[in-house]
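Q: Have a look at the structure that comes next, please.
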Amino acid sequence: MTPEQKEVLTLAISDAELERRWNAVRTRMKEEKIDALVMQDTNEWLGGYVKWFSDIPARNGYPMTVIFFVDEPMTTITCGGKPPGDLGPPAWTMRGVNNRLTAPYFPSLNYSNTYDAELTVQTLKNKKAGRVGIMGKGRISIAFYEHLVKGMPGATFVDATDLVDEIKAVKSSEEIGLIKKACALQDEAMEWAKTIIKPGRKDFEIVADVVHKVTMLGSEEQLVIAGSGPLGKPTPMQKRHFQGRTLKENESFTLMIEVNGPGGMYAELGRIFFTGKVPSELSDAYELCREAQQVTLNLLKPGANPKDIWDANNAFLVKHGMLPETRLYAHGQGYDLVERPAIRDDEPMKLKANMNITVHPTIGSDRLWVWVCDNYLITESGASPCLHKISQKIFSV
């Protein structure tokens, strides 16, 4: 990679780290007699497979396909021109890839929805792949999958998601370093947010300032959500369409910074602000929320069953007169904003050391909504100290 090429990239993962991932997966593929893996992603938030294998993220709804072979370099398929047009990302960015294919396909142009699948079928047939592992069926379009299966009637298709998830969920030292960079970035942005959260500003104006801040700090994808409201009304975060409210005196403002950091690894940080003196009703609920978080942290140990932790969290909430959790309050993170293992009663993956877990329990009623959201690593002896350094409190601004 030339100095000019290196300057183009925000932060690339090392060759050694990519080799570690590829070797670990190929070892498992050989054990399962899988010739090739097929994966497709369309975004960074929940599109970590393509990034994990190639160090190139899919973005903005444009599908990117990676075909990972057990015994030779990868093939990538990206949206572009017909040959001899562009070949997608430059060859020097595509480490471990020897075949870059493109086609002018777009999810919004239904007649083009199998162009990438046609190239995938052709590639797999050329390599005589008889046993193909599918990664993350929920991320692949039905048009792509149906065409793939129909085009290879002699092949055997197996779900290889668990095979990769078990490897991907346990972070290397290099990945942990990137996760800590993301946490530090979020800490700095949250501290800075204290200076711009003030009455008279609309929620989206504050969010826009935070998005700019994290971008300048090195974030590669910016997901920031927030919500405001008067005392006596729950004020959870809201997506962009619902951020038109103007913040007033003596009101709550909930801010969630769930951006990735340099290199693409995710963490997430959530805090609550109050434009005035923080009422005891809110501060008391917040302390209860911190206690709930500690219940989970006490159980984050290698070998732990997520269902047991989920049950303990709900037992704590019910004991204190709160509604039990029904969605997701703690989960892994990496190149995916939400990654396995999920701390839920339906997650079969057991916890292991070097997993990055975000824990964000909530305390809610018809009068309030509070939470605390931070990241922790699982160590051999349990949860690490909090990876975020900003105080766990409701900030008066």
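Q: Quick test of your reading of the structure: residue 24 fulfils all but one of (1) more than 22 Å from residue 340 (Cα to Cα); (2) among the small types (Gly, Ala, Ser); (3) more than 20 Å from the chain's Cα centre (by Cα). Name the failing condition by number.
A: (1)
Q: Inside the stretch 317-375, can you point out the residues that are among the aliphatic types (A, V, I, L, M) and out of contact with any helix residue (DSSP H, G or I) (no Cβ under 9 Å at 6 or more places or on another chain)?
A: Listed by number, the residues that qualify are 318, 328, 338, 353, 355.
Q: Could you grab the pairs with beta carbons closer than 6 Å, sequence gap of 6+ or different chains, first residue in the stretch 65-77 and closer than 20 Å to residue 90 by Cβ, second one among the acidic types (Asp, Glu)?
A: 65/116; 77/116
Q: Of the conditions (1) closer than 17 Å to residue 76 by Cβ; (2) out of contact with any Cys (no Cβ under 9 Å at 6 or more places or on another chain), residue 104 fails just one. Which one is it?
A: (2)
Q: Considering 351, 387, 300, 368, which residue is under 30 Å from residue 275 (Cβ atoms), among the hydrophobic types (A, V, I, L, M, F, W, C) and at pLDDT 95 or above?
A: Within the list 351, 387, 300, 368, the selection yields 387.
Q: Out of (1) under 23 Å from residue 324 (Cβ atoms); (2) in contact with a strand residue (DSSP E or B) (Cβ under 6 Å, 6 or more places away or on another chain); (3) of a type in the set (Val, Ile, Thr), the odd one out for residue 295 is which?
A: (2)
Q: Identify, please: which residue in the stretch 238-271 is polar (S, T, N, Q) and outside any strand (DSSP E or B) and is, among those, farthest from residue 395 (Cα to Cα)? Talk me through it step by step, then tell me what you get.
A: Going through the stretch 238-271, the residues polar (S, T, N, Q) turn out to be 238, 243, 246, 250, 252, 254, 260.
Next, from what is left, pick out any that are outside any strand (DSSP E or B): 243, 250.
Numbers: 243: 20, 250: 12 Å.
For the stretch 238-271, the residue satisfying everything is 243.
Q: Moving on to the next point. Of everything in the stretch 182-237, what is touching a helix residue (DSSP H, G or I) at 6+ places or on another chain (Cβ under 8 Å) and not in a helix (DSSP H, G or I)? Give them in sequence order.
A: 196, 197, 218, 219, 222, 224, 225, 226, 227, 228, 231
Q: Do we find that residue 242 is within 23 Å of residue 187 (Cβ to Cβ) and either crowded, with 19+ Cβ neighbours inside 10 Å or assigned by TED's automatic domain parsing to the domain that holds residue 202 (or both) in this structure?
A: Considered against the rule, which asks whether it is within 23 Å of residue 187 (Cβ to Cβ) and either crowded, with 19+ Cβ neighbours inside 10 Å or assigned by TED's automatic domain parsing to the domain that holds residue 202 (or both), residue 242 comes out as no.
Q: How about the stretch 1-77: which helices (runs of 4 or more DSSP H) wholly inside it have at least 1 residues that are at pLDDT 95 or above, farther than 17 Å from residue 99 by Cα and out of contact with any Pro (no Cβ under 7 Å at 6 or more places or on another chain)?
A: 15-32, 48-54
Q: Got a sec? Which strands (runs of 3 or more DSSP E) wholly within the stretch 298-369 have at least 3 residues that are in contact (Cβ under 8 Å) with a residue 60 or more places away in the chain, buried (at least 22 other Cβ atoms within 10 Å of the Cβ) and not acidic (Asp, Glu)?
A: Where strands (runs of 3 or more DSSP E) fall fully within the stretch 298-369 and carry at least 3 residues being in contact (Cβ under 8 Å) with a residue 60 or more places away in the chain, buried (at least 22 other Cβ atoms within 10 Å of the Cβ) and not acidic (Asp, Glu), they are 356-359.
Q: State which residue is nearest to the chain's Cα centre (by Cα) when the search covers only the stretch 370-380 and only residues that are over 24 Å from residue 11 (Cβ atoms) and assigned to a strand (DSSP E or B). Write out each step before concluding.
A: Here is the first cut: in the stretch 370-380, the ones over 24 Å from residue 11 (Cβ atoms) are 370-373, 378-380.
Adding the requirement that they be assigned to a strand (DSSP E or B) leaves 370-371, 373, 378-379.
Numbers: 370: 23, 371: 20, 373: 15, 378: 18, 379: 21 Å.
Residue satisfying both the conditions and the ranking: 373.
Q: Ok, one more. Given the conditions (1) touching a strand residue (DSSP E or B) at 6+ places or on another chain (Cβ under 8 Å); (2) surrounded by 16 or more Cβ atoms within 10 Å (Cβ to Cβ), which single one is not true for residue 86?
A: Result: residue 86 passes all but (2).
Q: Oh, and also: For the stretch 97-114, which positions are of a type in the set (Ser, Thr, Tyr) and buried (at least 20 other Cβ atoms within 10 Å of the Cβ)?
A: Residues of the stretch 97-114 that are of a type in the set (Ser, Thr, Tyr), as a first pass: 102, 105, 108, 111-112, 114.
Selection gives 102, 105, 114.
Q: Please verify whether residue 259 is out of contact with any Asp or Glu (no Cβ under 8 Å at 6 or more places or on another chain), β-branched (Val, Ile, Thr) and either at pLDDT 95 or above or buried (at least 20 other Cβ atoms within 10 Å of the Cβ) (or both), treating the condition exactly as stated.
A: Details: out of contact with any Asp or Glu (no Cβ under 8 Å at 6 or more places or on another chain): no; β-branched (Val, Ile, Thr): yes; either at pLDDT 95 or above or buried (at least 20 other Cβ atoms within 10 Å of the Cβ) (or both): yes.
Taking the combined requirement at face value, the residue does not satisfy it.
Q: In addition: Would you call residue 56 aliphatic (A, V, I, L, M), over 30 Å from residue 224 (Cα atoms) and without any contact (Cβ under 8 Å) to a residue 60 or more places away in the chain?
A: Here the answer is no, as residue 56 does not meet what is asked.
Q: Right, another one. Between residues in the stretch 282-295 that are assigned by TED's automatic domain parsing to the domain that holds residue 330 and on the phi < 0 side of the Ramachandran plot and residues that are among the acidic types (Asp, Glu) and surrounded by 16 or more Cβ atoms within 10 Å (Cβ to Cβ), which pairs lie under 8 Å by C-beta distance while being six or more apart or on different chains?
A: 293/374
Q: Looking only at residues that are without any contact (Cβ under 8 Å) to a residue 24 or more places away in the chain and surrounded by fewer than 17 Cβ atoms within 10 Å (Cβ to Cβ) in the stretch 209-238, which one is farthest from residue 336 (Cα to Cα)?
A: 230
Q: Within the stretch 272-297, which residues are in a loop (DSSP other than H, G, I, E, B) and buried (at least 16 other Cβ atoms within 10 Å of the Cβ)?
A: Result: 275, 278, 279.
The values are calculated or read from the model by the stated rules, or taken from the named source; none is laboratory data. Since the model is a prediction, treat every value here as computed from it, not as a measurement. A quick note on method: Cβ atoms are made from the backbone with ideal geometry, for glycine too, and the neighbour counts reach across all protein chains shown.
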